[in-house]
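The values are calculated or read from the model by the stated rules, or taken from the named source; none is laboratory data. If you're wondering where the values come from, they're calculated on a predicted model, not measured in any experiment. FYI the Cβ positions are ideal-geometry reconstructions off the backbone, even for glycines, and counts take in every protein chain you see.
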Amino acid sequence: MRISKKVAEIWLKLFKKIEIYATILDNNVKYNYRKAVTQYMNRFELVVPCHFGLEAVVKREIYDLGYEITRVEDGRVSFEGDAEAICRANIFLRGAERVLLQVGRFKAATFDELFENVKALPWENYIPKDGRFWVKKASSIKSKLFSPSDIQSIVKKAMVERMKRSYHIDWFPEDGAQYPVRVFLYKDEVMVTLDTSGDSLHKRGYRLATSKAPLTETLAASLIMLTPWHADRILVDPFCGSGTFPIEAAMMAANIAPGMNREFTAESWTNIIPRKLWYEAVQEAEDMIDKDVQVDIQGYDIDPDVVAAARENAKRAGVEHMIHFQQRAVADLHHPKKYGFIISNPPYGERLEEKSALPALYSQIGEAYKRLDAWSMYLITSYEDTERYIGRKADKNRKIYNGMIKTYFYQFMGPKPPRRKKD
C-alpha cells in the first residue's frame with residue numbers, strides 16, 4: 001500500500017496523541033505503528049529527466065507504478081516517493097533518462113545566495129560521514145549565474161561547510177559510497193539533486209554493438225509507447241540499425257523491465273535505501289516477465305554487419321527468439337498480413353554522406369507504404385521533406401529532440417483492424 005504524505009502526517013499526529021494519552025497500549029503495538037509511520041514519512045521529491053516533448057509518456061509510466069505526480073516541466077517529471085520508489089523507478093521506467101533525488105529548490109541570483117542556500121540544506125540526512133560527494137554536472141539557462149565550473153565549485157564548498165558543522169569534523173575521507181550531485185539553474189531558480197541512477201538509464205546493458213547513428217533506448221521506448229501498438233500486432237522496422245526499436249518492443253511485449261540487468265549508484269546508499277528493497281524490486285520485475293508471449297516483430301537493414309550487431313544485442317537482451325532480423329532494402333519491404341505497424345528511424349542526412357540521396361530514399365519508403373496501405377507508419381526523422389516524398393500528409397506530427405537534433409515523429413494512421421470474434 002502507498003499512501004500520500006498528507007495521510008502519513010495525520011497518522012503521525014494521531015500516534016503522538018496515542019503515546020501521550022494511551023500509555024497503557026502494548027509496547028509492540030506502539031513500536032510497529034511508529035515504524036509504519038516513519039516509513040511513510042520518509043518520502044522524497046524524485047525528479048525524472050526525459051526527452052523534450054515526451055513528458056506525457058513518462059508521466060503515464062509513473063502513474064502506472066502507483067505514484068503521485070507533483071510537477072511537470074519541459075524535459076522533467078517530478079513525483080513523490082519513498083526509498084522503494086527509487087528502486088522501482090530506476091528498474092521499471094522505460095522513458096526516463098535518470099532518477100534524481102531532489103535535496104532542495106530555491107532562488108539564487110548571486111554566488112553568496114547560492115552558497116548560503118546550499119549550506120542550509122540537510123546534507124547530513126543524505127550523505128554519511130565517509131560518503132564520496134562531488135558535483136558531477138551543473139547547467140544554467142537564462143540565469144544570472146551561468147558558469148558551470150563556478151557553480152560546481154560553490155556548491156561543493158557549501159556542502160563541505162554544512163557537513164563539517166553537522167559531523168563536527170574538518171576533514172572527510174570520502175572513501176565510502178558515491179553521492180554524485182547534479183545542479184540545474186533556470187531563470188535563477190536552483191534545483192539541487194542527488195543522482196540515484198549513475199549511468200543514464202538508456203544504458204540497459206544489452207547494446208554493446210551499435211550502428212553509426214544509434215537511437216537511444218529511452219527514446220525508442222517512449223516513441224513506441226506513443227503509438228497504439230501492442231503485443232498482438234505486427235511490428236516492422238525497415239531501418240533497424242542496432243535493433244533498438246525491435247528490442248525495446250520485444251521487452252515491452254514480454255514485460256521485461258529495462259533496468260533488470262544493470263547497476264545503479266544508489267544501490268550502495270544503505271543509509272537511505274535498505275538493500276532488501278533493491279532485491280524486492282528485482283524480484284517483482286522477474287515475477288512480471290511473460291515467457292510465453294507470442295509476437296511478430298521484424299527488423300530489416302540493408303547493411304549485413306548492422307543486422308548481425310542487432311542480433312547480438314537482442315541476444316544480450318534475452319529477446320533474440322522474439323525478433324526476426326534480416327538483410328533487406330526498404331524497396332523490398334512487404335508483408336502478407338493486411339494490418340500492422342511500421343516504426344522506424346530512417347536516415348535523415350546526419351548519417352549519409354550525401355543529403356541528395358534522401359529524396360530517392362524517402363520515395364522508396366512511400367512506395368513500400370503504398371503496398372501496406374492498411375498499416376500504420378511512424379517515422380522519427382529530421383528530414384523536413386518527409387511528407388512530400390512519402391506522398392502523403394501525416395495524420396499527426398510531433399516535434400521531438402533527439403539529443404541536440406530537432407526531429408519530427410510523423411504518424412501515418414492506418415484503419416483499425418476489425419475486432420476479433422470471441423470464442
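Go through the stretch 116-140 and count every residue that is in a helix (DSSP H, G or I) and not basic (K, R).
6
Where in the stretch 293-378 are there strands (runs of 3 or more DSSP E), lying wholly inside it, with at least 1 residues that are over 26 Å from the mean Cα position of the chain (by Cα)?
Because the criterion is at least 1 residues that are over 26 Å from the mean Cα position of the chain (by Cα), the strands (runs of 3 or more DSSP E) in the stretch 293-378 that meet it are 297-301, 323-327.
Filter the stretch 300-318 down to the residues that are over 12 Å from T244 (Cβ atoms) and among the aliphatic types (A, V, I, L, M) and list them by number.
Passing the criteria: I302, V307, A308.
Conditions first: (1) surrounded by 19 or more Cβ atoms within 10 Å (Cβ to Cβ); (2) assigned to a loop (DSSP other than H, G, I, E, B); (3) free of Cβ contacts under 8 Å to residues at least 40 places away in the same chain; (4) hydrophobic (A, V, I, L, M, F, W, C). F239 passes all but one, so which condition is the exception?
F239 satisfies all of (1) surrounded by 19 or more Cβ atoms within 10 Å (Cβ to Cβ); (2) assigned to a loop (DSSP other than H, G, I, E, B); (3) free of Cβ contacts under 8 Å to residues at least 40 places away in the same chain; (4) hydrophobic (A, V, I, L, M, F, W, C) except (3).
Yes/no matrix, rows are residues, columns are (1) surrounded by fewer than 16 Cβ atoms within 10 Å (Cβ to Cβ); (2) touching a helix residue (DSSP H, G or I) at 6+ places or on another chain (Cβ under 6 Å); (3) of a type in the set (F, W, Y):
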position: D64; (1), (2), (3): yes, no, no
position: R71; (1), (2), (3): yes, no, no
position: A120; (1), (2), (3): yes, no, no
position: V135; (1), (2), (3): no, yes, no
position: S140; (1), (2), (3): no, no, no
position: S143; (1), (2), (3): no, no, no
position: Q152; (1), (2), (3): no, no, no
position: E161; (1), (2), (3): yes, yes, no
position: H168; (1), (2), (3): yes, no, no
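Assuming Y21 fulfils every condition listed in (1) at pLDDT below 90; (2) farther than 25 Å from T270 by Cβ; (3) surrounded by 13 or more Cβ atoms within 10 Å (Cβ to Cβ) apart from one, which condition is it?
Just one mismatch for Y21, condition (3).
With the structure loaded, tell me whether A109 is touching a residue at least 12 places away in the same chain (Cβ under 8 Å) and surrounded by 22 or more Cβ atoms within 10 Å (Cβ to Cβ) or whether it fails that test.
no
Quick one: in the stretch 166-211, of everything that is of a type in the set (V, I, T) and either in a strand (DSSP E or B) or under 30 Å from D301 (Cα atoms) (or both), which residue is nearest to the chain's Cα centre (by Cα)?
T193
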